[in-house]
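Below you'll find the structure, written out as structure tokens, and then a few comments.
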Amino acid sequence: MSELAAAPARPQVSIAYQNWHRFSRNPTAVIGSVIVTVVVLTAVLAPWIAPHPDHVGSIVNFRARHLPPSAQYWFGTDNVGRDIFTRVLFGYRVSLLLAAVVLAFAVPLGAALGLIAGYFGGWAEIVIMRLTDIALAIPPLVMALAVTAVLTPNLTHAMLAIAALWWTWHTRLIFSITRTLRAQEFVEAAEILGASRFHILFRELLPNCASAILVKTSLDFGFVILIGAALSYLGLGVQPPTPDLGTMVASGADFLPDRWWESMLPGAAILFVALGFNLLGDGLRDLYDVESVR
Amino acid sequence: MRRTVCLALGLLPLAASAALAAPHTITVNTVQIFGTIDPAKISDYTDYMASANLYDGLANVDPKGQLVPELAEKWDVSPDAASVTFHIRPDAKFQDGSPVQAEDVVYSVERLLKINQGPANLFAGVLKPGSVEAIDAKTVKFNLAKTFSPFLATVPAIRIVNSKLVKANAGNDDGQTYLATHVAGAGPYTLKSWDRGTGMTVERDPNYYRGWGEGPIDEVRFVITNDEATVRSMAASGELTMSSQYQSPDTYDALAKMPRFKIVKGETSVAFYLKLNSKLAPTDDAHIRKAIALATDYDTIKGTILPGGDLTGPLPKTFAEAHLDSPQSKFDLEAAKAEIAKSGYAGKTDIPLSFDYVSATKFEEEIGLLMQSNLQQVGFKVTLSAEPWNRITEIASKVEMTPNVTEVFFGPTYPSPDSMFYAQYHSKSAGTWASMEWLKNPEVDKMIDDARATGDAAEQNKIYKALQQKLIDDQSDAYLETQIVRHAMDKCLDGYVPVPMQSFDYAFHKYKWTCS
């Protein structure tokens, strides 16, 4: 309410404006959203803004290998003479795409299962939540390594394995929220009016979980990007010559410490994007006051 | 009683410190695991490296490829070259102290033929069960089933096992389980510890029958790592004494700057090929193979990426008499395009090509990226895959799993051109990592067999030259370079001399520690 009082001159302020106002007062959230915006924009616009867009494809220049950072090559060049800055920008595409794919699978599945378990209770709750507990007990990195040992070792398979485990966190979160919501009057009212179960789940309950899902998902983005980088560092990378941040760190590590830029700068790029999503998530959590999301 | 105990306790630390002060322990890194130490199964460079230290053969090889005595002090070849008689040294003994006798040689050969892995293919059709007979306790005769001119050169590959010890632990698999983890040989080093993933330690046998010279190496620790940064940090911390021969040029440069290290070099008979699968589309088309060879930037590869010697055909020039003096292949993208125009893929773009290399080997990745870039310009779409070495040996066993192009090193396992030709190009070797070309060409087989069957060296070299011409005309491979072996070695360590037999230059009996 204090925010409303702070803006008495404009009694007609919209909820969106109030939210924006609170959001823009939160420095972490602003920094986070700026970083995320910058990363997303550079990833999308990479072909137009990268200084050497041809260095993403199949190209080698052994005369320009291992060059330190300079005006021409901002992040220096790698062991076959490609511009690392360009490859970092394109590497963001792979990272963001993989995170988006994993979460596009994990979040709807996790949310739906959490709603069902929380609303229906009984057997649905027992089966879904115990399955969740089992899945939570498996470390995602180990699962990814196991899956890729069976299938061909590449990043797509690894991320499928991650996606197959990631829904659990959303299920738990949504389950706990739904369980408290289901006893509230608006749910009962909808039930008395004869609303369908589908309506109650997705029109009544889901919108009330939306803020929690949004916060959790933005935090997840950072974590999934980190896990993806860890996996490609371990050798489950994408097809060469496609740039990938984790692979770049691993490949540059062979030249440490003399040619620090070949691994440190892609590493810093991973740090940057993971930090951005974490700050944004923290900011959103403060904004919506969602206590249940850690 | 009590006094004796005190005395013993008092002496113990003294004895221990005396033993600890002297030993020269060296640490050597290898880039792959030791697959096996069973002498009937050894095949790759680390296997042979272990075998060269743990076991002895009847004869050894000198740097010129000549046979020199080891367990046998001398041997006589019959006038018709159909049999060879070896006379075992009277003092030759195994690590457990028992004498090496003719029956051990017979058993070792019979076991090798029966298990039929590793070096057994060298003797296919040459030695049969019963071919080797003990004349007396110290004399053993090899009756060859057919004239096989390179036979003597293959003798060092027969590592002699202690027949009494192996028979006592034979189980039902001829001691394969026992010899997978135990050593029953006469070699200068005994196995101290072996952890498959991380490394192996061998220890000097002070009672070795051939004796030891000045400054012997008491213990050799092989550490498995192909990570350049690890090698460099081990060198900086003083842990590493000798690097593998497969480090990146940067690592040699970095180690050369450290005052403790010297870089030793030697041109070897190990050749580096792009093996082209001749039975898988599109490399089943000779014009496509020629196009790949023409799109190979030899100067960048052997000048910048991995410094090496010239290789103009399948046989390295170290085999001077048999080597065909052919022109160096050219790097010419226009000519490569012209070859594609002559092939069944004329006018096509994005011709799919699979290209594998050993993972975590920096220069192989760089060559892969270079090839991908050049091949793309002439119309190929190259799928690069980095595979661990054990995966490459696995995919080499099936023709449809073998990639179009694979980066492979191959060196002679015995000092004869036959080793290069038979293991890579003969139909009987198909399905191994050394013959990922899948030639299966009856003409080539016949030439290799003919060369084996003749005792006349001039005739043999003539056949070998014709064979090289044929392989070059067919473009069996893209011939990249010969390996110039480089090791970063502690200045106190001496003894590396290239030997034209796989890993026999890493028999540490020949090495010495020159500092006090």
Worksheet item: Taking region B:268-294, which residues are open to solvent by 10 Å² or more (accessible area, probe 1.4 Å) and under 21 Å from B:GLN377 (Cα atoms)?
Response: B:ALA281, B:ASP284, B:ASP285, B:ALA286, B:HIS287, B:ARG289, B:LYS290, B:LEU294
Discussion item. Being among the charged types (D, E, K, R) and open to solvent by less than 40 Å² (accessible area, probe 1.4 Å) is the filter here; which residues of region B:487-516 pass it?
Written reply: B:ASP490, B:ASP505
Discussion item. Which residue is least open to solvent (accessible area, probe 1.4 Å), if the candidates are limited to region B:370-395 and must be facing chain A (nearest Cβ under 8 Å) and more than 30 Å from the chain's Cα centre (by Cα)?
Written reply: B:SER373
Worksheet item: Restricting the search to region A:59-71, which residues are surrounded by fewer than 22 Cβ atoms within 10 Å (Cβ to Cβ) and either touching a residue at least 12 places away in the same chain (Cβ under 8 Å) or assigned to a helix (DSSP H, G or I) (or both)?
Response: A:ILE59, A:ASN61, A:PHE62, A:ARG63, A:ALA64, A:ARG65, A:HIS66, A:LEU67, A:PRO68, A:PRO69
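Scan region B:306-313 and tell me whether some residue there is of a type in the set (A, V, I, L, M, F, W, C), within 14 Å of chain A (Cβ to nearest Cβ), assigned to a loop (DSSP other than H, G, I, E, B) and touching an Asp or Glu at 6+ places or on another chain (Cβ under 8 Å).
Yes: region B:306-313 contains one or more residues that are of a type in the set (A, V, I, L, M, F, W, C), within 14 Å of chain A (Cβ to nearest Cβ), assigned to a loop (DSSP other than H, G, I, E, B) and touching an Asp or Glu at 6+ places or on another chain (Cβ under 8 Å).
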Worksheet entry | Within region B:110-211, strands (runs of 3 or more DSSP E) holding 3 or more residues that are outside the structural domain of B:PRO412 (by TED's automatic domain parsing) and open to solvent by 50 Å² or more (accessible area, probe 1.4 Å) | B:132-136, B:189-195
Worksheet item: Among A:THR86, A:THR77, which is within 18 Å of B:GLN372 (Cβ to Cβ), open to solvent by less than 10 Å² (accessible area, probe 1.4 Å), more than 14 Å from every other protein chain (Cβ to nearest Cβ) and not hydrophobic (A, V, I, L, M, F, W, C)?
Response: A:THR86
Fill in: Subset of region A:35-54 (residues that are part of a helix (DSSP H, G or I) and open to solvent by less than 80 Å² (accessible area, probe 1.4 Å))
A:ILE35, A:VAL36, A:THR37, A:VAL38, A:VAL39, A:VAL40, A:THR42, A:ALA43, A:LEU45, A:ALA46, A:PRO47, A:PRO53
Discussion item. What's the total number of residues in region A:197-237 that are within 14 Å of chain B (Cβ to nearest Cβ) and assigned to a helix (DSSP H, G or I)?
Written reply: 2
Discussion item. Here's a check for you: in region B:396-408, which residue that is buried (at least 20 other Cβ atoms within 10 Å of the Cβ) and not charged (D, E, K, R) is farthest from the other protein chains (Cβ to nearest Cβ)?
Written reply: B:VAL408
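Quick grid of which residues meet (1) β-branched (Val, Ile, Thr); (2) at pLDDT 90 or above; (3) under 30 Å from A:ASN79 (Cα atoms); (4) over 16 Å from the mean Cα position of the chain (by Cα):
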{"residue": "A:ARG22", "(1), (2), (3), (4)": "no, no, no, yes"}
{"residue": "A:THR42", "(1), (2), (3), (4)": "yes, yes, yes, yes"}
{"residue": "A:TRP48", "(1), (2), (3), (4)": "no, yes, yes, yes"}
{"residue": "A:PRO53", "(1), (2), (3), (4)": "no, no, yes, yes"}
Discussion item. Residue under question is A:PRO240, and the condition is that it be outside any helix (DSSP H, G or I) and either within 14 Å of chain B (Cβ to nearest Cβ) or crowded, with 19+ Cβ neighbours inside 10 Å (or both); does it hold?
Written reply: yes
Practice prompt. Kindly indicate which of B:VAL155, B:VAL183, B:VAL109 is of a type outside the set (Lys, Arg) and out of contact with any Ser or Thr (no Cβ under 8 Å at 6 or more places or on another chain).
Written response: B:VAL155
Response to the item:
A:THR152 fails exactly one of (1) surrounded by fewer than 19 Cβ atoms within 10 Å (Cβ to Cβ); (2) in a helix (DSSP H, G or I); (3) within 29 Å of the chain's Cα centre (by Cα), namely (2)
Practice prompt. May I ask you to list the residues in region B:216-236 that are in a loop (DSSP other than H, G, I, E, B) and more than 14 Å from every other protein chain (Cβ to nearest Cβ)?
Written response: B:PRO216, B:ILE217, B:ASP218
Practice prompt. Might you check whether a residue that is under 30 Å from B:GLY266 (Cα atoms), assigned by TED's automatic domain parsing to the domain that holds B:ASP284 and not charged (D, E, K, R) occurs anywhere in region B:344-351?
Written response: no
Worksheet item: How about region A:245-294: which of its residues are among the hydroxyl-bearing types (Ser, Thr, Tyr) and either open to solvent by less than 20 Å² (accessible area, probe 1.4 Å) or in a helix (DSSP H, G or I) (or both)?
Response: A:THR247, A:SER251, A:SER263, A:TYR288
Discussion item. Going residue by residue through region B:194-212, is there one that turns out to be polar (S, T, N, Q) and free of Cβ contacts under 8 Å to residues at least 12 places away in the same chain?
Written reply: no
Practice prompt. Please enumerate the residues belonging to region B:341-369 that are open to solvent by 10 Å² or more (accessible area, probe 1.4 Å) and β-branched (Val, Ile, Thr).
Written response: B:THR349, B:VAL358, B:THR361
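The values are calculated or read from the model by the stated rules, or taken from the named source; none is laboratory data. Please read all numbers here as calculations on a predicted model, not as lab measurements. Heads up, the Cβs are rebuilt from the backbone with ideal geometry, glycines too, and the neighbour counts pull from every protein chain shown. Protein only, heavy atoms only, side chains kept; ligands, DNA and RNA dropped before computing areas. Shrake-Rupley method; radii C 1.70, N 1.55, O 1.52, S 1.80 Å.
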